[in-house]
Every structure is written in C-alpha cells, then in structure tokens.
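Okay, structure first, notes after.
The values are calculated or read from the model by the stated rules, or taken from the named source; none is laboratory data. Remember, it's a predicted structure, so these values are computed and weren't measured experimentally. Here the Cβ is made from the backbone with ideal geometry for all residues, glycine too, and neighbour counts use every protein chain on show. All accessible areas refer to the heavy atoms of the entire protein, side chains included, with ligands and DNA or RNA removed. Shrake-Rupley method; radii C 1.70, N 1.55, O 1.52, S 1.80 Å.
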Amino acid sequence: MIENAFELRGLVKKFGDKTAVAGVDLAVPAGSFFGLLGPNGAGKTTSLSMAVGLLRPDAGTAYVLGHDVWQDPTAAKKLLGVLPDAVRMFDRLTGLELLTYTGLLRGMPNDEISARATELLAVLGLSDARGTLVVDYSAGMKKKIGLACALLHAPKLLVLDEPFEAVDPVSAATIRDILNKYVRSGGTVIFSSHVMEVVERLCSHVAILADGVIKVVGTLDEVRGGRPLEEIFVEQAGGRTALGEELAWLA
C-alpha cells in the first residue's frame, strides 16, 4: 500500500529574476484532507500547476500514487482530478457537452459518461444550466462545473486550487459534503486556500507556504499547537504591517 498519495520533491520555478517556488517538498498522506495555505503570491498556484503537469518545473518533480507526473504522465493523470486556478476550460460548450467531452478524452464509455454527468449536474445544482454555454455561467457555476469535470472519472486524488472561491454558501456546503464523502470513501484531497475557517473545518493536515517554500506542515492539531490557525498563518507568512499615524485621514 502506498503511504503518500501525492509527493512534491524539490520543486523550483523562476519567472525571469523572480523565484516563485524555491524548492518545495511536501508529502500528502493517502486518505487525508490536506489544506495548502499561503498568502497571495506565496507560490501555491505555481506549485500545484507544476505538480499536476500544467507547468513544467525548472527543477524537482511530483508523484501521484507513486507515478512521476513528468516521466509517466499518462499513468499519473489517470489517477488525478484537477480544478486549476481560473478554471481554464472549453467554455464554448454547454455544461453537459463539457462533461461529455471530458469523459471522452479520458476514454470513458458513453453510457457511463451520461449517467455520471447527469448525477453530478443534479448534485451541484446545475441541472437547469446543462444546456447553457459555460462562458455564460457565473464565476461560482464555473467553479462547480470545473469540479464536476475533476470528479467525473472517479480519481484517487483531487487537487483543487481555491475550490470555494466565488461560491455561494449553499453551494459551498454541497461541495464540502461531496469532498468529505470522497475522502471517507478512500480518496485524497489537497486544496489551496487562504481562508482559515474552511481549512479548520475540513482538513486533517495542513501546510503553510510563504515566499516559495513550505514553512510548516503536519496534522491540523500539530500545526496549530493549541493556538488559532490564523495566528500561526500570520506568523509564518510574515506578520501584519504595524500602523502608526498612517491613514489618519480615514478618521
């Protein structure tokens, strides 16, 4: 049995003179609900994009259930469901067409695609929009159809970049229920966020990424150490800006 569902080893990415990711090492235990925290610009999206094969790293590699994402991409991606940043998708298709196309790309049988797509659209509250072009979806609806695409082939690992961003509270509760059920059934989730409440509610494990490196990692209780997670996050991310007489004009 493979102990870690997802491993990042020495990931590095530079954009010109700027180092966005400076050697990320991370092990995500199989069956865990793992939160990757970090402030804006910390390198979360860049790290996850490299880890799932969307962005080539300058150094290092990633493994999905023992398969090297860059050396054995077909085997790795069969086991992987991804909701990327900005939900890049073929948005000139309807919701149902997008799910159908996604299933066909993965070699799924037509009847299986149809049954699963119908069920996902219903559970995610998108049945009435199944015939609407995805380009005309709201930001929250695009997030939900992106999640449906990631789940369609029943992957062993989900990698989700800000899955709750722009999603209304009712839809967020539905997504939480889906992801909790997925983990209870043996799946593994890693998702990025900077919302402490969501991470504390869902996650068994957490890592804090700042300045392109992992600052702290462990179970949620280990990372918190009896303190609020937000307090740990602010410490690791560099702390708050102390205000003196600045912005006095606001009064």
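Data for the structure
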read-out: The range 60-83: number of residues that are open to solvent by 40 Å² or more (accessible area, probe 1.4 Å), of a type in the set (A, V, I, L, M, F, W, C) and over 21 Å from I145 (Cβ atoms); value: 2
read-out: Contacts under 8 angstrom Cβ, first residue in the range 187-205 being acidic (D, E), partner open to solvent by less than 20 Å² (accessible area, probe 1.4 Å), 6 or more apart; value: E200/L220; E200/L229
read-out: Hits in the range 156-175 (condition: of a type in the set (A, V, I, L, M), more than 15 Å from T45 (Cβ to Cβ) and touching a residue at least 60 places away in the same chain (Cβ under 8 Å)); value: L157, L158
read-out: Condition met for G23 (of a type in the set (G, A, S), open to solvent by less than 40 Å² (accessible area, probe 1.4 Å) and closer than 25 Å to E222 by Cβ); value: yes
read-out: Number of the condition not met by Y63 [criteria: (1) over 13 Å from G212 (Cβ atoms); (2) touching a residue at least 40 places away in the same chain (Cβ under 8 Å); (3) not in a strand (DSSP E or B)]; value: (3)
read-out: V223 vs. criteria among the aliphatic types (A, V, I, L, M), farther than 15 Å from K44 by Cβ, out of contact with any helix residue (DSSP H, G or I) (no Cβ under 8 Å at 6 or more places or on another chain) and open to solvent by less than 80 Å² (accessible area, probe 1.4 Å); value: no
read-out: Subset of the range 133-142 [part of a helix (DSSP H, G or I) and more than 22 Å from A173 (Cβ to Cβ)]; value: V134, V135, D136
read-out: Complete set of residues in the range 91-117 that are assigned to a loop (DSSP other than H, G, I, E, B) and not small (G, A, S); value: D91, R92, L93, R106, M108, P109
read-out: Candidate set: the range 1-20, residues that are basic (K, R) and in contact with a strand residue (DSSP E or B) (Cβ under 8 Å, 6 or more places away or on another chain); chosen: the one surrounded by the most Cβ atoms within 10 Å (Cβ to Cβ); value: K13
read-out: Subset tally (residues that are over 26 Å from A172 (Cβ atoms), open to solvent by 10 Å² or more (accessible area, probe 1.4 Å) and touching a residue at least 24 places away in the same chain (Cβ under 8 Å)) for the range 102-117; value: 2
read-out: Residue check, L99 touching a Cys at 6+ places or on another chain (Cβ under 8 Å), open to solvent by less than 50 Å² (accessible area, probe 1.4 Å) and within 23 Å of R176 (Cβ to Cβ); value: yes
read-out: Subset of the range 44-59 (residues that are open to solvent by less than 40 Å² (accessible area, probe 1.4 Å) and either within 18 Å of L83 (Cβ to Cβ) or β-branched (V, I, T) (or both)); value: K44, T46, S47, L48, S49, M50, A51, V52, G53
read-out: Candidate set from the range 77-90 (those that are within 16 Å of the chain's Cα centre (by Cα) and part of a helix (DSSP H, G or I)); member that is modelled with the lowest pLDDT; value: V87
read-out: Top-ranked residue in the range 170-202 [being aliphatic (A, V, I, L, M) and open to solvent by 50 Å² or more (accessible area, probe 1.4 Å); ranked as nearest to L79 (Cα to Cα)]; value: V195
read-out: Cβ pairs under 6 Å, 6+ apart, first in the range 130-155 and under 13 Å from I178 (Cβ atoms), second among the polar types (S, T, N, Q) and not in a loop (DSSP other than H, G, I, E, B); value: L152/T102
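One line per residue, one yes/no per condition, for (1) surrounded by 20 or more Cβ atoms within 10 Å (Cβ to Cβ); (2) touching a Lys or Arg at 6+ places or on another chain (Cβ under 6 Å); (3) assigned to a helix (DSSP H, G or I):
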site: E119; (1), (2), (3): no, no, yes
site: G131; (1), (2), (3): no, no, no
site: L147; (1), (2), (3): yes, no, yes
site: P163; (1), (2), (3): yes, no, no
